[in-house]
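The values are calculated or read from the model by the stated rules, or taken from the named source; none is laboratory data. Here the structure is a predicted model, which means the values were calculated and not measured. For neighbour counting, all protein chains shown are included, and Cβ atoms are generated from backbone atoms with ideal geometry for every residue, glycine included.
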Amino acid sequence: MKRKILSVVLIIMMLFVVLGATPKYERQFNLKTNREAIEFLSKKQSKLLKSNNEKFGLQHKDSQIQLRLDYIEDTKQQLSGYLTQKVEVEGKIKTPDNIYSFVGDGYVNIFNFDGMKLHNGYIHIDLEHIKQKEELSQISDGQISFRYDEVSEKIDLSLTSGTLSDISFIPFGKPFLLEEQYQKIEELKNKQ
Amino acid sequence: MKKLIILLFLIFIMMPMKGIMAEELYYHKGTSYADSVNLNGNKSDLNGSTVIMSVSTIYPGNFQGKERVRLFARCQYVEDYFDAYGCKALTGSMGIHPTYSTVNNFVSQMSPRETSFTNPIDSIFWWIKSPYVSATFNTLYAVSAYSKGWVDHSTPTNYTSGRINLNNLSVDLSKIQLPTNYTYDKVDSYFHDKEGGLLGTFTYNYGLQPGQVGYITARGYLEYEMRIPGETSASFPIPIWVTTDEAKVNHTVTGK
């Protein structure tokens, strides 16, 4: 009898080790380029688009991004004003003439306000693109920031690549936060 | 038992001194900045620097060196460059690595400090001797200025270089930004007796005999988040996340 109990306990413990090693919570998104925003910035001759063609080809305005986010559950930290946790990502940007893969990791802050459950994420990615890096650097090839409201399921995502010297920028989805809501986020982030 | 009580009492008395003992005299090794170049290798139409870095070192002759790399923001020029507003610092990244010496592998056991999740880190402090501060006040008191964020670090397996990343920050910009009416080299005097800058502290062993020289390079950059106004006053702002180029300071370490 004792041996049986011991075996059951051992099995339960092993399950905890295997299943509980890195608990993850997954979300997937598939978004189209925000063409209007690119055209608006292009009309303004914005320097954000400086290297877009060189890195992602002439047809990048008609691309889409697929990404899978893995929220690492055991990194959750409740701060005053918001919850923060680590996240891992993998995905690809599909343009009409190419596919650029990426992997990365970063952080998501989760805020509750104005009836929203807003996930605000910042992720550094290793990103394939046409123009290879010229010198070795510690700076990551790309950054993804995103805003996702779990309640309305609205999402917008900004992808930048390079430093100010060779920056490129592709927005995906439609921005949905108002200026006062960005300020609300700041307030919550700075809450002591 | 009596001895134990005396010992505990002594430890209790010594505890407040821990902070005082942590103060050390660092020597200012250089201040630099990054601006940007355009695709043809010419200066871009940025009106000024995008990040400023101040580097200080201590190597007291016991073959252990310490290096402090402080980063300061220059949001205004970046906002102008992209017609954006609402800039804040999101990431600070700084690293050091040996660049040259007649002595091979003169740096070892590099060790970034403070790698855990952070709530306010406001108790790390040190003293700096800097030529940019008047003789009367030739030391600086500095405190890490970020209030919330994550810290991670990386060192290669041979421990000859190190990097510290401060991620997902919420920072009071006024505590890390040098206003544009000050030139970059005034950053230490501007932040004299103020809390200021994002910092990384590195320790390392150096294998240099008296008179032998090694070069160490410190590098750092910032990432800013800001917004571009939408096409009409009714439209939604477009959020962007941009990375500055790197500021670099190359300096010597001499065996004593």
From the option list A:LEU157, A:LEU188, single residue qualifying as buried (at least 16 other Cβ atoms within 10 Å of the Cβ), more than 8 Å from chain B (Cβ to nearest Cβ), touching a residue at least 12 places away in the same chain (Cβ under 8 Å) and assigned to a helix (DSSP H, G or I) is A:LEU188
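Looking at the stretch B:53-102, which of its residues are aliphatic (A, V, I, L, M) and in contact with an Asp or Glu (Cβ under 9 Å, 6 or more places away or on another chain)? Walk me through how you get there before you give the answer.
Here is the first cut: in the stretch B:53-102, the ones aliphatic (A, V, I, L, M) are B:53, B:55, B:58, B:69, B:71, B:73, B:78, B:84, B:89-90, B:94, B:96.
B:MET53, B:VAL55, B:ILE58, B:ALA89, B:LEU90, B:ILE96 - these are the residues of the stretch B:53-102 that are aliphatic (A, V, I, L, M) and in contact with an Asp or Glu (Cβ under 9 Å, 6 or more places away or on another chain).
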Subject >> Hey, A:ASP149 touching a helix residue (DSSP H, G or I) at 6+ places or on another chain (Cβ under 7 Å), more than 8 Å from every other protein chain (Cβ to nearest Cβ), over 30 Å from B:SER49 (Cβ atoms) and modelled with pLDDT of 95 or more or not >> reply: no
Condition check: within 14 Å of chain A (Cβ to nearest Cβ), surrounded by 24 or more Cβ atoms within 10 Å (Cβ to Cβ) and under 14 Å from the mean Cα position of the chain (by Cα). Does B:GLY220 satisfy that?
yes
Among (1) out of contact with any Pro (no Cβ under 7 Å at 6 or more places or on another chain); (2) over 30 Å from B:THR160 (Cα atoms), B:LEU222 falls short only on (2)
Scanning the stretch B:57-80 for residues that are surrounded by 22 or more Cβ atoms within 10 Å (Cβ to Cβ) and within 12 Å of another protein chain (Cβ to nearest Cβ), the one nearest to A:ASN120 (Cα to Cα) turns out to be B:VAL78
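Hey, does the stretch B:179-188 have a residue that's surrounded by 22 or more Cβ atoms within 10 Å (Cβ to Cβ) and either touching a Gly at 6+ places or on another chain (Cβ under 7 Å) or in a strand (DSSP E or B) (or both)? Talk me through it step by step, then tell me what you get.
Residues of the stretch B:179-188 that are surrounded by 22 or more Cβ atoms within 10 Å (Cβ to Cβ), as a first pass: B:187-188.
Imposing the further condition that a residue be either touching a Gly at 6+ places or on another chain (Cβ under 7 Å) or in a strand (DSSP E or B) (or both) reduces the set to none.
No, the stretch B:179-188 contains no residue that is surrounded by 22 or more Cβ atoms within 10 Å (Cβ to Cβ) and either touching a Gly at 6+ places or on another chain (Cβ under 7 Å) or in a strand (DSSP E or B) (or both).
Identify, from the list B:THR203, B:THR157, the residue that is closer than 21 Å to B:LYS29 by Cβ and either hydroxyl-bearing (Ser, Thr, Tyr) or at pLDDT below 85 (or both). I'd like the intermediate steps shown before the answer.
Details: B:THR157 fails: closer than 21 Å to B:LYS29 by Cβ.
B:THR203 is the lone residue from the list that is closer than 21 Å to B:LYS29 by Cβ and either hydroxyl-bearing (Ser, Thr, Tyr) or at pLDDT below 85 (or both).
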Taking the stretch A:56-92 and keeping residues crowded, with 17+ Cβ neighbours inside 10 Å, outside any strand (DSSP E or B) and within 14 Å of chain B (Cβ to nearest Cβ) leaves A:GLY81
Those residues of the stretch B:238-251 which are free of Cβ contacts under 8 Å to residues at least 40 places away in the same chain and either more than 7 Å from chain A (Cβ to nearest Cβ) or surrounded by fewer than 22 Cβ atoms within 10 Å (Cβ to Cβ) (or both) amount to none
Going through (1) touching a residue at least 60 places away in the same chain (Cβ under 8 Å); (2) within 16 Å of the chain's Cα centre (by Cα); (3) farther than 18 Å from B:SER32 by Cβ one by one, B:HIS192 fails only at (1)
Over the stretch A:163-181, the set of residues buried (at least 18 other Cβ atoms within 10 Å of the Cβ) and facing chain B (nearest Cβ under 7 Å) is A:THR163, A:LEU164, A:SER165, A:ASP166, A:ILE167, A:PHE169, A:PRO171, A:PRO175, A:LEU177
